[in-house]
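Worksheet for the structure shown next.
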Amino acid sequence: MQDKYTAQEIGKALGVSRQAAEAKAKKDGWLYEEEPSPGRGGRRRMYLTASLPAEVRDALTAHEGANLPAVTTEETPLTEDQRRGALARADLVRLYTEALAKAPRKGVAQKEFIAAYRAGVWPKIKEVLGESVSVQSLERWKLKLRRTGSALALADTRGGVRIEPVLTVAHQTIITALVRHPNAPNIAEVCREALKAFKPAGLPPCSEITIRRFIEKWIANNYGEFVYSRKGKKAWVDECCPYIVRDYSKIQVGDILVADGHVLNFEILDPETGKGARMELVLWYDMASSYPLGWEILPTENTQAIASALRRACMRLGKFPRIAYLDNGKAFKGKFFTGVDLTQTGLGGVFQELGIQTIFAWGYHGQSKTIERFFGTFGELERWCPSYVGSCIENKPPRLKRGENLHRKLYQASGYRPLTLEEAHTAVAMWFDEYAHRPQRGHLKGQAPLDAFAPGAGPGLTDAEMLKLRLCMLSKAVRQIEQNGVKIFGRYYRHPFLHSLRHSVLVRYDDQDRRSVLVYDETGKRLICEAIPVPTNVHPAAGILGTDEDKALLASEIAYKKALENQVTADAREFLANVVLPETQHRMQLVAAKDAATAPPALPEPPAPNVKSIEAAKSAARAKLEAAPAYVPPAQMTTIVTELDRYEYLFNVSVRDGVPLREADAAWMARYEQTEEYAACARRRFEQLRTVYARRRMAANGGGNA
């Protein structure tokens, strides 16, 4: 038997045309070598005998009359499918032989037998061998069965033939070097470049399909090296490196909070610039229940955003977490949190102050942070936002692509725009709430995050814990009290307690919740008041040109000024009447007495001033001044609309701030506490607050722990 055959020779052996043999060779990927055609120009393909399927080699053997031994099962172990196919072929050959022995005309019998087979006369054999059985196949199997005497010799062993490799070690070295190139050329480019490199190296050429098959096999056996060399370590970690399987049943709600930042894929209006920008979402996420706790949105990921988000997460959790599992970024490892390099100053990090242990994730190991998978799900909200910009260049919306004028016009005509910061917070909160009620797979096993979170949530932070959290987490700034209060965020914040003070104070505030600020003394230990913003939208001529709202706002501002004026005037008038005037009259009497002594006629000596009565008047004036209410009456507060608002205001003044109430206000509070509205809506809340404030005062006086 020859080592190589042309397509025409193989076609004759199979009983088909040359074109059919070439088509079969291309389909099955037979190995070949090209050599000059004898007698005429051009080149022809010579197919290697060792790479041909077993049935083709058997047909060549039968055609040439050669005695080529068949592949035995001892050299090539058979799979169960190959064994079953061999036995089915042997049964079909036996039936075929019996049918021909009984038939007077062999040709007609062959056609009838094939027709009967394809009609399903032997369904079990057809189920194994399929439709592709012909007379040529049956003759070939009969010849092999007669020559070997073994039914297993009819097994289809394609793909299991061992042949000497066409590619030498030198070939393989060149190919693998090109495949691992860091510029990541595609496989077709590698094949073409390898063929160019073979000739200068003095290596014999081969076909592109041979190189491609070698590359595919090499990649399958060296996938880790393939990925690392072409894509880098990060890709190798994500695609090849084994990951640790965690058992989430070993942790409870609040044991581990995972934090990370995510660049939002929609635009938000920057309050400082007024332009749309992609901002950063910092989120704290409970690992045990997959529940999103606290978050913050800022232009960049920084320690203020992380602190604000952690504060809200602790308040929502109802307790301090045991472990904070953090990103490896600079903001999370800042001195503000970890306390690094602060030991010599006596200051510790926030986590140390709150008793929270920290774990930092490995760099470029996204699978170590469960929150990364959550951000993928969070893309659902981002894609529905009107200002969505896409997560990468490939999936950005058409309005941002070149030449898409119609989509840009449609975007503008629909009134779409970047969200404001408040709208973004609202949208995120609504989606988080929906996600928390959504059943999850994985370690939750069909539970919703809220169902898993609720049983393990804390009872709520105590007053001492809230104070510690406030001192650690709120941003702070030193400000000077001015005529209109303290100025921060470019606007003034006021409180009646501040109008007569003119010294530096420490202001603590939430970066996003600007409805009020907390004003402390310079030491930061004593809370002075909670200041609210000064209205800046008062109409210059509200009484004539303004709306009803403008008039009401102007009236409230005038009432506020009048209340302060009345308070100061009353105090000054009382002090004048009780202290200043008696002292002045006494001095005048002394002067008059002295003048009378120098006059010619002796006048009776004036009575001695009643010093005791003057001191009593002074004491009475001071007592009355101290007894004056140190708060704005509820009737002058425009923010008080309902009776519940009035009660809450008086409660904060008397119970929280410790300011004595006027007799009328105290009597009104007592009457309101007997109403059904108070019992149904407010009793439980204010009783709890009363307990909390009592603990606070006890702690401040050193009488116990809060």
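Numbers below:
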quantity	calculated
Near pairs, Cβ below 8 angstrom, 6+ apart or cross-chain, from segment 104-123 (modelled with pLDDT of 90 or more) to any residue that is of a type in the set (Ser, Thr, Tyr)	Phe113/Tyr96; Ile114/Ser134
Unique residue being over 21 Å from Glu380 (Cβ atoms) and either of a type outside the set (A, V, I, L, M) or in the same structural domain as Asp270 (by TED's automatic domain parsing) (or both) when the list is Arg470, Arg441	Arg470
Residue within segment 133-141 that is acidic (Asp, Glu) and outside any loop (DSSP other than H, G, I, E, B) present	yes
Those residues of segment 673-685 which are surrounded by 17 or more Cβ atoms within 10 Å (Cβ to Cβ) and either modelled with pLDDT of 85 or more or over 42 Å from the mean Cα position of the chain (by Cα) (or both), in sequence order	Tyr678
Failed item, numbered, when Ala427 is tested on (1) at pLDDT 85 or above; (2) assigned by TED's automatic domain parsing to the domain that holds Leu354; (3) farther than 25 Å from Ile306 by Cα	(3)
The lone exception for Arg514 - which of (1) farther than 28 Å from Pro299 by Cβ; (2) assigned to a loop (DSSP other than H, G, I, E, B); (3) of a type outside the set (A, V, I, L, M, F, W, C) it fails	(1)
So Gly224, is it at positive phi, surrounded by fewer than 18 Cβ atoms within 10 Å (Cβ to Cβ) and out of contact with any strand residue (DSSP E or B) (no Cβ under 8 Å at 6 or more places or on another chain)	no
Filter result (within 30 Å of Tyr285 (Cα to Cα), of a type in the set (A, V, I, L, M) and not in a loop (DSSP other than H, G, I, E, B)) within segment 389-435	Leu419, Leu421, Ala424, Ala427, Val428, Ala429, Met430
Failed item in (1) surrounded by 13 or more Cβ atoms within 10 Å (Cβ to Cβ); (2) basic (Lys, Arg); (3) modelled with pLDDT of 85 or more, with Arg470 passing the rest	(3)
Subset of segment 525-541 [surrounded by 15 or more Cβ atoms within 10 Å (Cβ to Cβ) and at pLDDT below 85]	Leu527
Residues satisfying the stated conditions in segment 271-290, i.e. crowded, with 24+ Cβ neighbours inside 10 Å and hydroxyl-bearing (Ser, Thr, Tyr)	Tyr285, Ser289, Ser290
Selected residue (criterion: modelled with the lowest pLDDT) from residues of segment 311-357 that are more than 15 Å from Cys472 (Cα to Cα) and among the acidic types (Asp, Glu)	Asp341
Candidates Ala464, Ala448, filtered to the one that is surrounded by 16 or more Cβ atoms within 10 Å (Cβ to Cβ) and either over 30 Å from Gln352 (Cα atoms) or not assigned by TED's automatic domain parsing to the domain that holds Arg697 (or both)	Ala448
Residue pairs meeting the criteria (Cβ under 6 Å; at least 6 apart or on separate chains; first at positive phi, in segment 682-706; second at pLDDT 80 or above)	Gly704/Met698
Residue in segment 611-621 that is in contact with a Phe, Trp or Tyr (Cβ under 8 Å, 6 or more places away or on another chain), part of a helix (DSSP H, G or I) and at pLDDT below 65 present	yes
Close pairs (6 angstrom Cβ cut-off, 6 or more residues apart or separate chains): loosely packed, with under 14 Cβ neighbours inside 10 Å in segment 1-30, hydroxyl-bearing (Ser, Thr, Tyr) and modelled with pLDDT under 85 anywhere	Asp3/Thr49
Given (1) more than 21 Å from the chain's Cα centre (by Cα); (2) over 21 Å from Gly379 (Cβ atoms), number of the condition Thr420 does not satisfy	(1)
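Yes or no, residue by residue, for (1) in contact with a helix residue (DSSP H, G or I) (Cβ under 6 Å, 6 or more places away or on another chain); (2) surrounded by 17 or more Cβ atoms within 10 Å (Cβ to Cβ); (3) of a type in the set (Phe, Trp, Tyr); (4) under 22 Å from Asp81 (Cβ atoms):
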position	(1), (2), (3), (4)
Gly107	no, no, no, no
Ala119	no, no, no, no
Glu127	no, no, no, yes
Val135	yes, no, no, no
Thr148	no, no, no, yes
Leu178	yes, yes, no, no
Ala184	yes, no, no, no
Glu189	no, no, no, no
Cys206	no, yes, no, no
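The values are calculated or read from the model by the stated rules, or taken from the named source; none is laboratory data. All figures in this text were calculated on a predicted structure; none of them were measured in a lab. With ideal geometry, Cβ positions are generated from the backbone for all residues, glycine too; neighbour counts draw on all protein chains shown.
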